Amino acid sequence: MDLPNIETYLRPTNLQAIETWSPGWAWLAGGTWLFSEPQPHLKVLVDLEKLDWSEIEVTPEGLAIGATCKMEKLLTFSYPESWTSVKALQSAVHHLASFKVTNIATVGGNICLALPISNFAPVMVALGANYEILNQSSSSYQVSALEFQTGAQKTILQPGEVLRKISIPLPNLEWVVNFKRIAITTSGYAASIVVTAYHPQSSQVRFGLGACFPAPRLIEFSNIPTSAELSEALLSQIPISEFIGDDKASAVYRRQVTQILMQRSLEEILCQNP
């Protein structure tokens with residue numbers, strides 16, 4: 001879609017070139033969402049492509065994903081064999097859209113768009129990811145994936161701030177994961193997304209939950225929960241008032257299918273890792 005209201009297009013090679021930030025400005029990464037609908041409030045686009053940020057790195061601390069990394073790169077990168085949890089990242093890509101979108105769309109763009117139906121948000125929460133944020137002065141700070149998104153299309157980012165890098169700690173990359181998503185129609189928006197991460201040595205379990213809340217949620221267990229414990233944790237930690245209820249699915253339905261997906265995904269993991 002054309003954006004005829006855009007007056008200025010900037011393509012800096014470093015962030016220091018952007019000395020001011022004003023209302024009507026926006027960062028441009030892949031642009032798959034930005035150009036999908038009218039943006040009448042925007043006047044200036046600042047393209048991140050020429051910053052040449054690294055895409056994917058294996059570091060002593062774990063996995064680092066540049067915010068401008070194309071989603072498709074997550075499918076083709078050669079990871080260490082023991083990093084079993086990257087399957088959740090790849091599932092997020094497979095369930096997101098066609099190859100035409102994933103070859104252009106960026107990981108950081110999807111995260112910053114902060115849609116409740118984001119596939120990546122619950123994955124990052126389940127894997128304990130951290131985000132590096134750059135501000136106008138090029139200084140940075142870290143925030144957890146759980147704290148980053150505060151609501152539907154709302155994040156902690158202040159005007160002019162930009163997501164620079166996603167980091168997943170090395171120990172979390174060796175957890176066993178299971179990604180489940182349910183929608184009312186085959187190609188429709190998700191009613192619930194459950195990403196289960198299990199650590200075989202310690203029996204810890206983490207559930208990253210998405211699509212049924214304005215922002216992703218996390219439920220953790222120090223040991224493998226029974227069905228009753230899992231149900232009780234979901235009921236006690238997340239009130240029904242926090243579940244989305246709309247024309248696609250009621251809050252009660254979303255809570256019920258979330259509980260079912262949590263139980264099924266954990267059962268599948270335990271069957272494969274007795």
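For this structure, a couple of remarks:
- Of the DSSP H helices in the chain, those whose Cα atoms cover at least 20 Å axially and whose Kyte score averages -0.5 or more: 251-272
- Sorted largest first, the spans of the alpha carbon positions of region 117-274 along the three principal axes are 50, 42, 30 Å.
- Shown here: region 119-212, whose C-alpha atoms stretch 41, 37, 17 Å along the first, second and third principal axes, sorted largest to smallest.
- Carbon and sulfur %, accessible surface of the chain computed with the full protein complex present, 1.4 Å: 51
- Per the Kirkwood formula applied to alpha carbons, region 216-259 shows a radius of gyration over Rh ratio, Rg over Rh, of 1.01.
- Hydrodynamic radius of region 154-206 by the Kirkwood approach over all distinct alpha-carbon pairs: 14.4 Å.
- Here the average projected area of the convex hull drawn through the C-alpha atoms of the chain stands at 14.9 nm².
- When Arg217, Arg11 are compared by accessible surface with a 1.4 Å probe, the order from highest to lowest is Arg11, Arg217.
- Equivalent-ellipsoid semi-axes of region 1-46, from the Cα gyration tensor, Å, largest first: 19, 12, 8
- Relative contact order (%) - region 217-274, alpha-carbon pairs under 8 angstrom, separation at least six: 27
- The distance linking region 217-253 with region 45-103 is 29 Å (Cα centroid to Cα centroid, whole angstrom).
- The convex hull drawn around the Cα atoms of region 1-158, when projected onto a plane and averaged over every direction, covers 9.6 nm².
- Hydrodynamic radius by Kirkwood, which averages 1/r over all alpha carbon pairs of region 31-90, in angstrom: 14.1
- Over 27 Å between alpha carbons, listed pairs Lys50/Lys87; Lys50/Lys73; Lys43/Lys70; Lys154/Lys180; Lys50/Lys165: Lys50/Lys87
- Helix content alone sets the calculated 222 nm mean residue ellipticity of the chain: runs of n ≥ 4 DSSP H residues at -39500 (n - 2.57) each, divided across all residues, give -7000 deg cm²/dmol.
The values are calculated or read from the model by the stated rules, or taken from the named source; none is laboratory data. The shown structure was predicted, so the numbers you read here are calculated from the model rather than taken from an experiment. Calculation scope for accessible area: heavy atoms of the full protein, side chains included, ligands and nucleic acids excluded. Shrake-Rupley method; radii C 1.70, N 1.55, O 1.52, S 1.80 Å.
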